[in-house]
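Working notes, structure below.
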Amino acid sequence: MTNASDLTRPATARATLDDAVQPRPAVALTVLAASFVGVALGYSSSYFYSSGLFILPIAQDLGLSRGAATLGPLVCWLTAAAILPFYGRLMDQVGAIPIAILSLVGLACAYVLLAAAAQNLATYLLCSTAVAILGAGSTALPYSRLVFVTFTQRRGMALGAMLTGIGTGAVIVPLGVVPMIQSVGWRSTYLAMAAILVAGAAILAGLLASARGTILAREQAERQGLAGRTAAGEIWRSRNFLLLGTAFFAMPLCVISIVVHFVPMLTDAGLSLPKAAGLASTLGFASICGRLLTGFLLDKVATERLALTLLALALVGIVLLLVAMPSMALPAALILGLVLGAEMDLLAFFAARFFPADAYGAAYSGLFSVFLVGGAIGPGAAGFLFDASGSYALPLQLGGLALAVSAAAILALARGNR
């Protein structure tokens, strides 16, 4: 296992970066606006928040069961987890701008393929795999890198503002996709989404063109503080990565499971479906607030301390769901939405703080892959546990245990890097 001290070299790189050409405010704001647009259009928004809306029409059109149609997003999610480290390492070599632009175009091409070639279960799953392979680079991976390179002050706030693009997409995508599916069908809707992504990629390229020189100069300055290129394997075998991987696997194992099962949880507790859906909507609102608040606090509070505080808050939310349902569902939703929104901010800051700048892509993408696997396993496991026990008590209790594991890993990380 690689010694942690070998991988805590970013401080020198940051000092060199601070001495480099400082971006004009207009350039910094342009990068932030482009990154916001990119994550609002990219895989984490346009596919993640629309995939559930396509399940029923795809099932009806292809003659699939609802469970079989659900395999598409699951296969896509797991393929994205597998392919992201490739994108991360590629970004470390070629820079963030090409990955950001080309991945949006790739995602558009995958949507066209899905609309044209999905004729049965096999071709549907192959097309869903293509969505991940071609579009996984349009997650927050390149945009978080652009923010970290551009901003040396108020970096957390800038990152939080950028990530609210995902929340914005979560609001806008369903509002546009549902009526379009109803009027022109799911295939034409995917084609329309592809056209929007191509237009978005063109806008992104235009916005980033003016900032390209500054970004390249600052990336070069950042690398001057490093002794040599860091191997991805060295990152992934390091103590820091293994501890953070444990934390970011356990965290979504709990939080995303609760988010997915929140409405059934509330209806089982006696609430009507409209009331349950209304309470569930506060999760999305709270997640947007969580991204901004976490970004603001990351500029002022140690990353580990903030992460532990948020994990403790999530545990409070679980206790409320266990002992005071449904009367305390609203505060529980607000707390868990806040934590849900904070996870990506924390992941990006941990990747930047504990790993060399020339390996940010490898560190971020590796941690995000682990996060995706935890988020994929958790909801299914919670469903099976509910079927076995007849209630959500056991999944919630095990979720609390997962939070404790995450907290223990972050504590060990903090103590090992004093």
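Whole-Å semi-axes of the stretch 24-210's equivalent ellipsoid, largest first, each the root of 5 times a Cα gyration tensor eigenvalue?
Numbers: eigenvalues 184, 55, 36 Å².
Sorted largest first and rounded, they come to 30, 17, 13 Å.
Note on the chain: with charges restricted to the Cβ of Lys and Arg (+1) and Asp and Glu (-1), its dipole about the Cα centre is near 560 debye. Distance between the pseudo-spin-label points of SER183 and MET328 (7 Å out from Cα toward the beta carbon): 4.6 nm. Per-residue Cβ neighbour counts within 10 Å put PHE349, PHE151 in the sequence PHE151, PHE349, beginning with the fewest. From most to least packed by mean Cβ count within 10 Å, the peptides 193-202, 154-163 give 154-163, 193-202. The residue list LEU53, LEU126, GLY42 was ranked by how far each Cα lies along the charge dipole of the stretch 24-210 toward its positive end, using unit charges on Cβ atoms, and GLY42 comes out on top.
Given Cβ point charges of +1 (Lys, Arg) and -1 (Asp, Glu) and nothing else, what value in debye, to the nearest 20, does the dipole of the stretch 235-354 about its Cα centre take? All intermediate terms of the calculation are to be shown ahead of the outcome.
On the way: 7 positive and 5 negative charges, 51 e Å.
The calculation lands at about 240 debye.
Taking GLY337, GLY290, GLY390 in turn, the Gaussian network model of the chain (Cα-Cα springs below 10 Å) assigns the largest fluctuation to GLY390.
In terms of the mean number of neighbouring beta-carbon atoms within 10 Å, the peptides 91-102, 354-365, 273-284 order highest first as 354-365, 91-102, 273-284. Report which label in (i) 38, 26, 24; (ii) 37, 29, 22; (iii) 33, 27, 19 holds the value of semi-axes √(5λ) of the Cα gyration tensor in Å derived from the coordinates of this structure. Matching the structure shown: (iii). The residue list SER272, LEU298, GLY375 was ranked by how far each Cα lies along the charge dipole of the stretch 257-375 toward its positive end, using unit charges on Cβ atoms, and SER272 comes out on top.
Once you keep just the Cα pairs under 8 angstrom separated by 6 or more residues, what percentage relative contact order results for the chain? Walk me through the intermediate numbers first.
On the way: 661 pairs, mean separation 116.4, N = 418.
Across the chain, relative contact order equals 28 percent.
What is the distance, in nm, between label points placed 7 Å from the Cα along the Cα-to-Cβ direction at ALA195 and at LEU216? Roughly 3.5 nm, to one decimal.
Using only side-chain charges placed at the Cβ, +1 for Lys and Arg and -1 for Asp and Glu, the dipole size of the stretch 24-210 relative to its Cα centre rounds to 360 debye. When the chain is described by a simple charge dipole with +1 on each Lys and Arg Cβ and -1 on each Asp and Glu Cβ, the residue from ALA201, LEU311, ALA357 located farthest towards its positive end is ALA357.
Taking only complete DSSP H runs, can you tell me which helices of the chain stretch 20 Å or more along their own long axis by Cα positions and average at least 1.0 on the Kyte-Doolittle scale? Each step should come with its number before you reach the end.
Values: long enough: 25-41 (24 Å, 2.15); 66-94 (42 Å, 0.83); 96-117 (31 Å, 2.36); 121-135 (21 Å, 1.86); 155-184 (43 Å, 1.37); 186-209 (34 Å, 1.65); 239-260 (31 Å, 1.90); 273-298 (37 Å, 1.22); 303-323 (30 Å, 2.23); 329-354 (36 Å, 1.70); 360-389 (42 Å, 1.11); 393-416 (35 Å, 1.59).
Span-like helices here: 25-41, 96-117, 121-135, 155-184, 186-209, 239-260, 273-298, 303-323, 329-354, 360-389, 393-416.
Values in this text are rule-based calculations from the coordinates and carry no lab data. In this text the structure is predicted, and so the values were computed from the model without any measurement. Here Cβ is always computed from backbone atoms with ideal geometry, including for glycine, and neighbour counts include all displayed protein chains.
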